[in-house]
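Everything below concerns the one structure shown next.
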Amino acid sequence: PIRKSMMNTPIYLYNGIWIDESCLKAMIAFQQNFQAQDTDIILVTTPKSGTTWLKSLVFTITRRFQYTISDENHPLVTTNPHGLVPFFEIVYPHNHVGTPRLFATHLQYTLLPESIKTCKCKIIYLCRNPRDTFVSTWHFVHKMKSKLDPSWQFPSLEESFDQFCEGVSKFGPFWEQILQYWKLSNERPEKVLFLKYEELKDDIIAQCKKMADFMNFSFSSEEENEGVIKDIAEFCSFEHLSNLEVNKQTEQHSVPWVDNGLFFRKGEIGDWKNLITLSMAEKLDQLVEQKLQGSGLKLN
Ligand code: A3P
């Protein structure tokens, strides 16, 4: 089956997910050729759930002995996070910067190559409340496509929303992906760490420690006393990253076609209120509750 994405471009149902043609090609190359290593760390997210933030945090935590954040040439000062932690399904093969190897993907677990499942590499998963995820996606695709073609015709907000609720969104149905990694994080906690955007916002220090422990990059008590975690959290904050020259760029693309600046919009919880109605939000809540029923997971 073929449908139109929120951007009004074709997306295809392939092995249970909705995906566009360019990602489909890279995904197949990745599935056929990628060989995971025990030390790899793979970041999995639903689109627009804070991938850029997670990439920055994991990069900074794992490279903190190589690059101090006070260094004006720290890679995150000169390069957008997406240029440092590549997506598997966007360009394949990909460059990665430093060790351990860091990669990212929006793919469901069932679509990952066997070597990722069987070796000791680790997965950090991040999702976000679907209301804000939908709204963030809406703004992102509209800004991106309107810049490429100002006369582009988009589906209406209601159509896009109904389609999102149907599960027809890039890499969706979003609940399938969330449930797969949620279950796995309970069954194999050493393999998958499950995080929520709202929890990162709520207590970034605790979440940084959790991530560092999970990746075997724990902070020492000296580091804690010296405020290293707080410094990393501030370095990766929306305020700091979005104000770096490299991330304000409208002509530099770390992901094809996407201006670096487009990965930073508001970075807040609850911005859905400025776009969708309360009844739309309630409809989405009901749907999510129904989809997650019995899983023990709540997303609000
Ligand atoms: P909003 O559109 O709600 O502002 P992704 O990185 O997965 O594409 O997600 C983008 C969303 O994460 C955007 O949300 C963006 O503003 C927000 N974001 C980017 N960097 C962030 C940071 N350092 N801290 C918090 N949120 C961030």
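The values are calculated or read from the model by the stated rules, or taken from the named source; none is laboratory data. Fair warning: this is a prediction, and the values are worked out from it, not measured in the lab. Ideal geometry is used to build each Cβ from the backbone, glycine not excepted, and the neighbour counts take in all protein chains shown. Only protein heavy atoms, including side chains, enter the accessible area calculation; ligands, DNA and RNA are left aside. Shrake-Rupley method; radii C 1.70, N 1.55, O 1.52, S 1.80 Å.
Residues in segment 135-170 that are within 16 Å of the ligand (Cβ to nearest atom) and outside any helix (DSSP H, G or I): S169, K170. Is it true that some residue in segment 143-152 is under 24 Å from F59 (Cα atoms) and touching a strand residue (DSSP E or B) at 6+ places or on another chain (Cβ under 8 Å)? There is no residue in segment 143-152 that is under 24 Å from F59 (Cα atoms) and touching a strand residue (DSSP E or B) at 6+ places or on another chain (Cβ under 8 Å).
Only residues that are basic (K, R), away from the ligand (no atom under 16 Å from the Cβ) and either touching a Ser or Thr at 6+ places or on another chain (Cβ under 9 Å) or in contact (Cβ under 8 Å) with a residue 40 or more places away in the chain (or both): list them for segment 114-134, please. Matches in segment 114-134: K120, K122.
In a residue-by-residue description of segment 137-147, the property of being more than 30 Å from T9 (Cα to Cα) and without any contact (Cβ under 8 Å) to a residue 60 or more places away in the chain applies to no position. Of everything in segment 171-181 that is touching an Asp or Glu at 6+ places or on another chain (Cβ under 9 Å) and of a type outside the set (F, W, Y), the residue that is farthest from the ligand (Cβ to nearest atom) is P173.
Which of the residues belonging to segment 107-135 are open to solvent by less than 20 Å² (accessible area, probe 1.4 Å) and within 22 Å of K266 (Cα to Cα)? Y125, L126, C127, N129, P130, D132, T133, F134, V135 - these are the residues of segment 107-135 that are open to solvent by less than 20 Å² (accessible area, probe 1.4 Å) and within 22 Å of K266 (Cα to Cα). What's the number of the only condition in (1) open to solvent by less than 10 Å² (accessible area, probe 1.4 Å); (2) more than 30 Å from E224 (Cβ to Cβ); (3) in a strand (DSSP E or B) that V44 fails to meet? Against the list (1) open to solvent by less than 10 Å² (accessible area, probe 1.4 Å); (2) more than 30 Å from E224 (Cβ to Cβ); (3) in a strand (DSSP E or B), V44 comes up short only on (2).
Against the definition (of a type outside the set (D, E), at pLDDT 95 or above and under 20 Å from the mean Cα position of the chain (by Cα)), how does M280 come out, yes or no? Judged against the criteria, M280 is not a match. I269 meets the conditions (1) in a loop (DSSP other than H, G, I, E, B); (2) without any contact (Cβ under 8 Å) to a residue 24 or more places away in the chain in every case but one. The failed one is (2).
Screening K230, K283 for residues that are over 27 Å from F65 (Cα atoms), open to solvent by 30 Å² or more (accessible area, probe 1.4 Å) and not polar (S, T, N, Q) leaves exactly one candidate, K283. Residue count for segment 57-113, restricted to those that are within 14 Å of the ligand (Cβ to nearest atom), free of Cβ contacts under 8 Å to residues at least 60 places away in the same chain and of a type in the set (F, W, Y): 1.
Among helices (runs of 4 or more DSSP H) entirely within segment 202-262, having at least 3 residues that are more than 10 Å from the ligand (Cβ to nearest atom) singles out 204-214, 221-226, 228-235, 245-248. Filter segment 47-71 for residues that are in a loop (DSSP other than H, G, I, E, B) and under 24 Å from V258 (Cβ atoms) and give the result. P47, K48, S49, G50, R63 - these are the residues of segment 47-71 that are in a loop (DSSP other than H, G, I, E, B) and under 24 Å from V258 (Cβ atoms).
Is there a residue in segment 135-143 that is on the phi > 0 side of the Ramachandran plot and at pLDDT 95 or above? No, segment 135-143 has no match at all. Scanning segment 183-197 for residues that are within 14 Å of F214 (Cα to Cα) and open to solvent by less than 70 Å² (accessible area, probe 1.4 Å), we see that the one that is farthest from the ligand (Cβ to nearest atom) is K191.
Close contacts from segment 26-50, counting a first residue that is more than 18 Å from L184 (Cβ to Cβ) and a second that is of a type in the set (F, W, Y) and within 16 Å of the ligand (Cβ to nearest atom), with Cβ to Cβ under 8 Å and a gap of 6+ residues or different chains, come to A26/F88; M27/F88; F30/F88; F34/F88; P47/F171; K48/F140; G50/Y197.
Scanning segment 28-56 for residues being of a type in the set (D, E, K, R), in contact with a Lys or Arg (Cβ under 9 Å, 6 or more places away or on another chain) and within 16 Å of the ligand (Cβ to nearest atom) gives a total of 1.
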